[in-house]
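Participant: Got a structure for you, written out below as C-alpha cells; questions coming shortly.
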Amino acid sequence: MTRAMTAAPADSQDTITLTRRSVRRFRLRREAEVPRLLRAMGYDDPTMLPDGESDGRRPTELASEAEESRQIQAMSKVVCQAALETFAGLRPAHQMERWLAPSVYEKIVARADLVAHMRAGGGSHSARLQFLSVRPCRVRPGIWEVSVVFADARRVRACALRLKAHRRRWQVTAMEMG
C-alpha cells in the first residue's frame with residue numbers, strides 16, 4: 001500500500017482511486033485466507049462448525065465482533081420480551097417460531113399452555129420490561145451465549161440464551177428463563 005501511494009500520479013482523484021483499489025485488494029486477500037486459518041485452528045470444513053448443529057453462515061459475514069454483539073443483544077431483548085408476552089397470553093406462540101430452534105419452540109409452547117391453564121380466566125397484564133443487563137459472550141464464530149436480566153411490574157427475571165448462525169440469520173438454540 002505504501003508503494004502504491006508513493007507511485008501515485010499528481011492528480012488527487014487518481015490517488016484516491018489507487019488507494020481504494022489497494023485496500024480492496026488487501027481485503028480480498030485476507031478473506032481468501034480465512035479457510036486456511038480455520039483449518040489451522042482445527043476446523044476441517046470451513047463452512048461447518050465442529051458441533052455440526054450450525055452451518056456457520058453468519059447473518060453478516062463481514063460484521064465485526066462489536067457489530068455482531070449489538071445484533072445479538074437486540075435479538076435477545078426481542079426474544080425475552082416476546083416470550084413473556086406469549087406466557088401472558090398477549091402474543092400467539094407461533095410468532096416466535098422463526099427465531100427459535102424446534103426444541104426451544106416446543107418448550108415455549110408447553111410453558112405457555114401451562115401458564116394459560118394456571119391463569120384460567122385471570123386477566124392478563126401488560127407490563128413494560130426494563131432491561132437491567134444484557135451480557136453477550138462469543139463462544140466461537142457463529143455461536144453466542146447471552147444472559148439477560150430484566151424487570152417487569154411484579155418481579156426481576158433472568159434469561160440465558162444460546163444463539164447460533166443458521167442460514168444467514170440468528171436462531172435461539174437453547175433458552176432458560178427464571
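Participant: For GLU106, are the conditions met, namely being among the acidic types (Asp, Glu) and under 19 Å from the mean Cα position of the chain (by Cα)?
Facilitator: no
Participant: Please determine whether any residue of the stretch 143-161 is over 24 Å from VAL109 (Cβ atoms), in the same structural domain as ARG98 (by TED's automatic domain parsing), surrounded by 16 or more Cβ atoms within 10 Å (Cβ to Cβ) and small (Gly, Ala, Ser).
Facilitator: Looking through the stretch 143-161, none of the residues is over 24 Å from VAL109 (Cβ atoms), in the same structural domain as ARG98 (by TED's automatic domain parsing), surrounded by 16 or more Cβ atoms within 10 Å (Cβ to Cβ) and small (Gly, Ala, Ser).
Participant: Cβ-Cβ distance below 8 Å, separation of 6 or more or different chains: which pairs start in the stretch 89-104 with a residue that is closer than 11 Å to GLN171 by Cα and end on one that is polar (S, T, N, Q) and buried (at least 16 other Cβ atoms within 10 Å of the Cβ)?
Facilitator: Close Cβ pairs satisfying both conditions: MET96/THR86; TRP99/GLN171; LEU100/GLN171; ALA101/GLN171; ALA101/THR173; VAL104/THR173.
Participant: Assess whether GLY142 counts as being in contact (Cβ under 8 Å) with a residue 60 or more places away in the chain and not basic (Lys, Arg).
Facilitator: yes
Participant: Tell me which residues, restricted to the stretch 164-178, are under 15 Å from ILE108 (Cβ atoms) and either in contact (Cβ under 8 Å) with a residue 24 or more places away in the chain or not in a loop (DSSP other than H, G, I, E, B) (or both).
Facilitator: Residues satisfying the conditions are GLN171, VAL172, THR173, ALA174, MET175, GLU176, MET177.
The values are calculated or read from the model by the stated rules, or taken from the named source; none is laboratory data. As the structure is a prediction and not an experimental result, all values here were calculated from the model. A quick note on method: Cβ atoms are made from the backbone with ideal geometry, for glycine too, and the neighbour counts reach across all protein chains shown.
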